[in-house]
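Q: The structure is given below, and queries will be raised subsequently.
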Ligand code: KG4
Ligand code: ZN
């Protein structure tokens, strides 16, 4: 089966062609530079960029895959959750394409697609569902932080999610307090590599609570108070590196400890992780250490599939259509607040 997928839920315009579990192309046009000036995603600007880019990005994905519109068996798009007007561009464009080409159309839940991106690996990237195992999946990005029990393919239950800021949002907001360019996450990762993670003690939010929820807003506030108490500290290059390493350690330790606890409790033996923050080197290393210690199998999404992309939408859409999931009607609308159950 050959599927064209479009993703426009936030600030990446992406189109991909997937055939029989293989990613033939995955074109991503990031808007990071556009939003950097404002220190965060500006929805109106994101919408206009999606409108300008969805067609050239889709054409590039078809060209790279060497697939013509007539060869497509289905068309998919992210239906939610996300920024309403941003979602609308990709969803309605894909729906219109499917209507014109008389192909089945499928609207996909963005978070559900994240659950399966760790099973896509290799060159060209291919879905390895043959080695699928029941797992606990950590989805961790700028917009979401959640733990999900994936009992079987296409069967999941959300265990917990963030009560306030997402982990990536915490990286980005503390990065801003430290005077780092947007997005703060990759920059903190870089600086933290040469810093001392034990230099400063920041709270590990909800670490001891007996639930699978996260909360990162307090950590950001404690960094703000710390900087108010120690003005000028972040101007010292080494102290800045130590601060980055200490904040990163608080985030990473919380994510890893809560993931491991959920895995133990549920009696599964596999951990997966995806989302932009999964690019973080310390998170990757700490998850690998913890899983090796506990005897868990770890599957981390490939870096190219960690941040938002249409390949994961296409992979899930194809899997769902093969397993006879109902198509999405041409009357269906976007679901900006769609909550993963
Ligand atoms: O998945 P993504 O592209 O978009 C959504 O938010 O859905 O994730 C972007 C987030 C940003 O918050 C960014 O700072 C964070 O992922 N991020 C990182 C790293 N690379 C990206 N955070 C920490 N370390 C990184 N290396
Ligand atoms: Zn995402």
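Q: Ranked from highest to lowest mean number of other Cβ atoms within 10 Å per residue, what is the order of the peptides 219-226, 276-283, 68-75?
A: Descending mean neighbour count gives 276-283, 219-226, 68-75.
Q: Same structure, new question: If I fit a long axis through the Cα atoms of helix 237-266 and take the longest principal axis of the Cα atoms of the chain, what angle between them do I get, 0 to 90°, rounded to 10?
A: In the chain, helix 237-266 runs at an angle near 60 degrees to the longest axis.
Q: Using packing as a proxy for protection, rank 241-251, 30-40 so that the peptide with the highest average count of other Cβ atoms within 10 Å comes first.
A: In descending order of packing, they fall as 241-251, 30-40.
Q: Okay, moving on. What's the exposure ranking of 304, 329, going from fewest to most Cβ atoms within 10 Å? Display every interim value, and only then the final one.
A: Details: 304 15, 329 10.
Fewest-to-most Cβ neighbours within 10 Å comes out as 329, 304.
Q: Just report the Cα centroid separation between segment 59-107 and segment 295-341, whole Å.
A: After rounding, the separation between the Cα centres reads 14 Å.
Q: Sticking with this structure for a sec: Looking only at Cα atoms, what is the convex hull volume of the chain per residue, in Å³?
A: Once divided by residue count, the hull of the chain is 126 Å³.
Q: Using helices alone, what [θ] at 222 nm do you get for the chain, with -39,500 (n - 2.57) per DSSP H run of 4 or more residues, divided over all residues and rounded to the nearest 500? Don't jump to the answer; show the numbers that get you there.
A: On the way: 11 runs with 146 residues, N = 341.
-13500 deg cm²/dmol, from helical runs alone.
Q: Shifting gears a bit: Where does helix 84-101 land angle-wise versus the long Cα axis of the chain, in degrees 0 to 90, nearest 10?
A: That helix lies at roughly 20 degrees to the long axis.
Q: I want the antiparallel fraction of DSSP beta bridges within the chain, as a percent rounded to 5.
A: 60
Q: Right, next: Find the Cα radius of gyration of segment 188-341, compare it with 2.2 N^0.38 Å by division, and give the number to two decimals. Before the final figure, lay out each step's value.
A: Working: Rg = 19.3 Å, N = 154, 2.2 N^0.38 = 14.9 Å.
Here the answer is 1.29, to two decimals.
Q: Please check which bits of segment 1-19 a label hung off residue 71 would reach, taking the label as a point 7 Å along Cα-to-C-beta and the cut-off as backbone N under 15 Å.
A: Inside the label zone: 1-5, 16-19.
Q: Hey, what did the chain get for relative contact order, percent, Cα under 8 Å, at least 6 apart?
A: Answer for the chain is 24 percent.
Q: By counting other Cβ atoms within 10 Å of each Cβ, how are 128, 165 ranked from fewest to most?
A: By the 10 Å Cβ count, ascending, the order reads 128, 165.
Q: Shifting gears a bit: When only Cα pairs under 8 Å and 6 or more residues apart are kept, what is the percent relative contact order across segment 26-148?
A: It comes to 18 percent, rounded to a whole number.
Q: Remind me, relative contact order of segment 85-195 in percent, using alpha carbon pairs under 8 angstrom and six or more residues apart?
A: With pairs under 8 Å counted, the relative contact order is 13 percent.
Q: Another question about this same structure. Tell me the angle of helix 167-177 to the major Cα principal axis of the chain, expressed in degrees between 0 and 90 and rounded to the nearest ten.
A: Its long axis makes an angle of about 50 degrees.
Q: Using mean Cβ contacts within 10 Å as the protection proxy, how do 90-96, 175-181 order, highest first?
A: 90-96, 175-181
None of the figures in this text is laboratory data; all of them are computed from the coordinates on show. Being a predicted model, the structure only gives us computed values, none of them experimental. Glycine gets a Cβ as well: all are built from the backbone with ideal geometry, and neighbour counts include every protein chain shown.
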